[in-house]
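These notes are about the structure you will find just below.
The values are calculated or read from the model by the stated rules, or taken from the named source; none is laboratory data. Everything numeric here is computed off the predicted structure, so don't read it as measured data. Here the Cβ positions follow ideal geometry from the backbone for every residue, glycine too, while neighbour counts run over all protein chains shown. With ligands, DNA and RNA removed, areas are computed over all heavy atoms of the protein, side chains included. Shrake-Rupley method; radii C 1.70, N 1.55, O 1.52, S 1.80 Å.
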2 protein chains.
Amino acid sequence: MRPLSRFFPILDWGRRYNRQLAANDFVAAVIVSIMLVPQSLAYAMLAGLPPEVGLYASILPLVAYAVFGTSATLAVGPVALISLMTASIIGAAHLPSGISPVLAAMTLAVISGIILLAMGLFRLGFIANFLSHPVISGFVSASGVLIAVGQVRHLLGVPKTEGNLAEILAALLSHLPDINIPTVILGFGCLGFLFWVRRGLPAILHRVGLVGMWATFIVRAGPVLAVIITTLASWYFDLASHGVKIVGTIPQGFPAFAMPSFNLQLWHQLALPALLISVIGFVETVSVAQTLAAKRRQRIRPDQELIALGMANLGAGFAGGLPVTGGFARSMVNFDAGAQTPAAGLMTAIGIAAATLFLTPVLYYLPQATLAATIIVAVLTLVDVTAIIHIFRYSRADFAAMMVTIALTLFWGIEPGIVSGVVVSLMLYLHRTSRPHIAVVGQVPGTEHFRNVLRHDVATGTSVLTVRPDESLYFANCRYLEDRIYALIAENPALQHVVLMCSAINEIDSSGLESLHEINARLRDSGVSFNLSEVKGPVMDRLDPSGFVTELTGRVFLSQYDALATLDPSALTPCRIA
Amino acid sequence: MRPLSRFFPILDWGRRYNRQLAANDFVAAVIVSIMLVPQSLAYAMLAGLPPEVGLYASILPLVAYAVFGTSATLAVGPVALISLMTASIIGAAHLPSGISPVLAAMTLAVISGIILLAMGLFRLGFIANFLSHPVISGFVSASGVLIAVGQVRHLLGVPKTEGNLAEILAALLSHLPDINIPTVILGFGCLGFLFWVRRGLPAILHRVGLVGMWATFIVRAGPVLAVIITTLASWYFDLASHGVKIVGTIPQGFPAFAMPSFNLQLWHQLALPALLISVIGFVETVSVAQTLAAKRRQRIRPDQELIALGMANLGAGFAGGLPVTGGFARSMVNFDAGAQTPAAGLMTAIGIAAATLFLTPVLYYLPQATLAATIIVAVLTLVDVTAIIHIFRYSRADFAAMMVTIALTLFWGIEPGIVSGVVVSLMLYLHRTSRPHIAVVGQVPGTEHFRNVLRHDVATGTSVLTVRPDESLYFANCRYLEDRIYALIAENPALQHVVLMCSAINEIDSSGLESLHEINARLRDSGVSFNLSEVKGPVMDRLDPSGFVTELTGRVFLSQYDALATLDPSALTPCRIA
């Protein structure tokens, strides 16, 4: 691949672009555009922002991704999880005077874009590895519940409910007397219809012989149908005058090139939340993109995806939109509809732009309850109870990390939830690796083999102790090794030599080296020599210039047999093989 | 060991206590008490607190440690690093009205005590493993520089200088016209004397034939001598009237049993800093205690040390003192002076209590510059330039973590410094382990051995790909394995089967299992079967009930040879041995 097309994958696929590919991409773009319009409005509402912000976030970001992205079928835009995080971040921030929530959301998108770009340029994609599967899964499920419960107020027609799960539920209960009956009928009717489309309709379509791609589209078109029907009903019956909240005026026409805020205080407040949004958005994007790429035996490049996602968020921020990421549902539709190249994304952007230009007056009467119902149906698929059960059965430590994530996400907040999950899973991992298997070994009589004294019938003397750690030495486990060795010395007063058998040590970091120095010094204080055996080549290459070997009270032996033959030949049975 | 004496080690050594041990402990206690009085005053000053707070922190905590500690010779009390952190934490906190700095320091000690106790009871000592050697070493060196530079104002007699290194230096420069000449003469005279005692005196003592224990004591007594001489000079010449700042009135008598604050806002502010102080204090304590224990082939129990340190801090908090930990210098003196049991600590507590009762009027004229000079001489031993050079030579990654710690500690603050160091070293570690060695293997012709295709002359077919990860699968590396496998599939269009050779996999966590599911699903989408071989017993025991094996598109083979014999016998050369 040429260097330039590494950063601009469009140069790669663009040269091979032809009419056939364009025709396929066009069909996919039309379908995705239709699906994206109500979704964009809904996720802007979920983020607590005016509906047009969602549309703006679905134009320029798609263009940016088409230029920089490595996935042929990924569709970026506002998604439920990131919109919820945006709402929570902007809600928690003390916005400086003059900064509107929209401006804050744009700024959040820009900061997130910069972070993603930096992560891509410095190849920091591995940061996503901090998010273990139980933590992500727990976080996504808990967020799904939070989002769904948070939308219930739109189905009831009651005022704003905010905060954690308990607070939202309490607010809903206290508002029960204020519910608006027309809204309830419309909202729950819509919800029931959408559930039926998902659960009941596929079976009917199957019975009438409609399967495959078209059946999928009819099911996916459910929300669009609900939007059309309820908008017509809202207009015809003038539901707004009966207390049903409608979307209202959406500014018509293209978004102006908008400037995010460069208020330092705001940037300071948003920097850490933007990092969280970036990492979570990246994980979602990469997992969707990889799933789709594998289906066609294609490849994506995670570090380039960071750059593409960064550019998409910069696009969102400068076009008046909210943070975006690669969405699962829309990418699946794009894939199923036969999108062949990122050009489908470019065409979708044109579609959304057309909708922004011409469709917004039509959406005036769209009831907010319809959008809430589409959000609830969409996010409930995020709640994965089976995963919770599986993880409980498979690993109690992972389950603990997951439960911390779920509990704190639901009852404290989404940022503390995910951060605590990450911290807990790192701590559990360090705890696990900080106590590696450390065997005391002895000679298998008559051979050059040395095995664990607890598992094998081996010979050991009293003056030499041989210890074999079954892990590389690094900061999390080297103190444990020290502790074990000191304990063994305290137990064996006749000891004169300790041999560290290094056959399983692939690396020794500075902390490990410091521990070896410490062990050497403390053994010297106790009058015991410290020796190494079977040190691997690369490890020895670094130990040698460090000066450790000259300081060693004992020696470095090539083999464990040599070590014992020198230090305590009497304890050794001669080797029949050698 | 009986259960009760596990938690009260005093029950263990107390029963064997006798006159001979008591005589040894008494000598050590007298020497340590004399050394501790000026030190306690100095470290209280360093923490920005009245001098008596340091004395109060050197009585009850010593009693608590004697009851609960497992080291025979560790001496707890205020130390430079923890005092600096206390100053920084209290300086940064927005103290609620009615909360004095002393009350805040006591509360910090109590919170820290509770955290340490909890860590001990829940056996969370492994948390200290988060602090790698380069991070601790860098942090201690940078703190030493900060402390020393922060004390220079006392040698010049200029007003308070605060903040990071740049701010302190700028303040010192701007105050240069205001320096007080008598203070400068006294301060730098004292500093020169103390340096000479450390560097020049030992050689002279050696020449006159004075070596060993007594020579050490004379050197260690330097600060005490400086205190006596400068106090006398200050009294005789009435230096206070010439602008030399003196310690002044220290309340005489025992500290009252004091109540820390239970202001929730204060606890909220101090909780996280207290965690940092606790972990760093614990690391210092354990490393000192282990060094000394090894010299006499004794053992300490780190989890019990947490409890002892927790009780010591509770003692400090309820007696009007500041946070304490095990100090290196004082423990060395205690050890060298021949302390045999923790009873030496009890006797030292009595010594300090006596000083608090009777000595404080004498200390009225003690110049603050003398204390500053003793602090500077003591902390400059913390600055370890050799360690920085060694780590630079040994490992660039560790050096990077160290430099981040040093730079941020000096120029941002001590808490951000150590926290960033921990985060950077964790990230570097995850980065290293997140890309484990993954070999594509082939058959060594005529044998049942399978080796890396890049290093050995082995046979491979085109329809089967065998991949061997040389690491357990866990959250930080499983996505990399996925990525590698998808890349290999994209490169080999003729592929029909993938075999994951699991001979080096000791564990698979939930994220690893999820990745195996993903790989299986994506390979199925590409029409490739996914197989496992040489799965270890314990790993298989957990995979089996998880349902993964039934979902697998391929099979689980006992040996890699079996796998190839079944999947692609044509690519295999018959095994001569089997």
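Miscellaneous remarks
- Only residues that are at pLDDT 85 or above and either surrounded by 13 or more Cβ atoms within 10 Å (Cβ to Cβ) or touching a strand residue (DSSP E or B) at 6+ places or on another chain (Cβ under 7 Å) (or both) were counted in segment A:251-270, giving 8.
- Against the numbered list (1) part of a helix (DSSP H, G or I); (2) of a type in the set (A, V, I, L, M); (3) surrounded by 22 or more Cβ atoms within 10 Å (Cβ to Cβ), residue A:22 comes up short only at (3).
- Residue within segment A:457-471 that is away from chain B (no Cβ under 14 Å), open to solvent by 20 Å² or more (accessible area, probe 1.4 Å), out of contact with any helix residue (DSSP H, G or I) (no Cβ under 9 Å at 6 or more places or on another chain) and farther than 23 Å from residue B:429 by Cα present: yes
- Being outside any helix (DSSP H, G or I) and at the interface with another protein chain (Cβ under 10 Å from one of its Cβ atoms) is a description that applies to residue A:476.
- Here segment A:485-500 is the region considered, the condition is being within 30 Å of residue B:432 (Cα to Cα) and within 11 Å of chain B (Cβ to nearest Cβ), and the residue that is farthest from the chain's Cα centre (by Cα) is A:486.
- Some residue of segment A:233-241 being under 24 Å from residue A:83 (Cα atoms) and either free of Cβ contacts under 8 Å to residues at least 60 places away in the same chain or surrounded by fewer than 22 Cβ atoms within 10 Å (Cβ to Cβ) (or both): no
- Whichever residue in segment A:124-142 is among the small types (Gly, Ala, Ser) and in contact with a Leu (Cβ under 6 Å, 6 or more places away or on another chain) and, among such residues, is nearest to residue A:401 (Cα to Cα): A:142
- Residues of segment B:34-47 that are open to solvent by 10 Å² or more (accessible area, probe 1.4 Å), within 23 Å of the chain's Cα centre (by Cα) and within 16 Å of residue B:90 (Cβ to Cβ): B:43, B:46.
- Checked against the criterion of being of a type outside the set (D, E, K, R), farther than 26 Å from residue B:241 by Cα and within 14 Å of chain A (Cβ to nearest Cβ), the candidates B:122, B:195 yield just one match: B:122.
- Answer residue from segment B:260-315, given it is under 14 Å from residue B:104 (Cβ atoms) and not in a helix (DSSP H, G or I) and is farthest from the other protein chains (Cβ to nearest Cβ) among those: B:260
- Restricting segment B:102-121 to residues that are β-branched (Val, Ile, Thr), open to solvent by 10 Å² or more (accessible area, probe 1.4 Å) and closer than 22 Å to residue B:8 by Cβ, the residue that is nearest to the chain's Cα centre (by Cα) is B:115.
- Residue B:73 of a type in the set (S, T, N, Q), in the same structural domain as residue B:12 (by TED's automatic domain parsing), part of a loop (DSSP other than H, G, I, E, B) and open to solvent by less than 20 Å² (accessible area, probe 1.4 Å): yes
- Number of residues in segment A:28-61 that are part of a helix (DSSP H, G or I) and within 13 Å of residue A:322 (Cα to Cα): the value is 15.
- Scanning segment B:505-526 for residues that are more than 25 Å from residue A:288 (Cα to Cα) and either at pLDDT 90 or above or within 11 Å of another protein chain (Cβ to nearest Cβ) (or both) turns up B:506, B:507.
- Applying the condition of being in a helix (DSSP H, G or I) and charged (D, E, K, R) to segment B:483-517 and asking which residue is least open to solvent (accessible area, probe 1.4 Å) yields B:483.
- Number of positions in segment A:202-216 that are surrounded by 16 or more Cβ atoms within 10 Å (Cβ to Cβ) and in contact (Cβ under 8 Å) with a residue 40 or more places away in the chain: 1
- Residue in segment B:160-173 that is surrounded by fewer than 21 Cβ atoms within 10 Å (Cβ to Cβ), of a type in the set (Lys, Arg) and in the same structural domain as residue B:79 (by TED's automatic domain parsing) present: yes
- Top-ranked residue in segment B:389-437 [being within 9 Å of chain A (Cβ to nearest Cβ) and over 28 Å from residue B:477 (Cβ atoms); ranked as most open to solvent (accessible area, probe 1.4 Å)]: B:393
- Residue list for segment A:329-339, filter: buried (at least 20 other Cβ atoms within 10 Å of the Cβ) and away from chain B (no Cβ under 14 Å): A:330, A:331, A:333, A:334, A:337, A:339
- Test: residue in segment A:438-450 that is of a type outside the set (A, V, I, L, M, F, W, C), more than 12 Å from every other protein chain (Cβ to nearest Cβ), crowded, with 20+ Cβ neighbours inside 10 Å and outside any helix (DSSP H, G or I): yes
Each row is one residue, and each column tells you yes or no for (1) outside the structural domain of residue B:40 (by TED's automatic domain parsing); (2) open to solvent by less than 10 Å² (accessible area, probe 1.4 Å); (3) of a type outside the set (Val, Ile, Thr).
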{"position": "B:272", "(1), (2), (3)": "no, no, yes"}
{"position": "B:276", "(1), (2), (3)": "no, no, yes"}
{"position": "B:283", "(1), (2), (3)": "no, no, no"}
{"position": "B:300", "(1), (2), (3)": "no, yes, no"}
{"position": "B:306", "(1), (2), (3)": "no, yes, yes"}
{"position": "B:310", "(1), (2), (3)": "no, yes, yes"}
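- Residue, surrounded by the fewest Cβ atoms within 10 Å (Cβ to Cβ), within segment A:546-578, restricted to residues that are within 14 Å of chain B (Cβ to nearest Cβ), assigned to a helix (DSSP H, G or I) and among the hydroxyl-bearing types (Ser, Thr, Tyr): A:550
- Contact map, segment B:152-165: residues that are farther than 17 Å from residue B:88 by Cα paired with residues that are aromatic (Phe, Trp, Tyr) and open to solvent by 30 Å² or more (accessible area, probe 1.4 Å), Cβ distance under 9 Å, separation 6+ or inter-chain. Pairs shown: B:155/B:188.
- Candidates in segment B:527-545 are the residues that are more than 40 Å from the chain's Cα centre (by Cα) and surrounded by fewer than 20 Cβ atoms within 10 Å (Cβ to Cβ); of these, the one that is farthest from the other protein chains (Cβ to nearest Cβ) is B:529.
- All conditions but one from (1) over 25 Å from residue B:242 (Cα atoms); (2) open to solvent by 20 Å² or more (accessible area, probe 1.4 Å); (3) β-branched (Val, Ile, Thr) apply to residue B:152; the one that does not is (1).
- Within segment B:370-387, restricting attention to residues that are open to solvent by 40 Å² or more (accessible area, probe 1.4 Å) and β-branched (Val, Ile, Thr), the residue that is nearest to the other protein chains (Cβ to nearest Cβ) is B:386.
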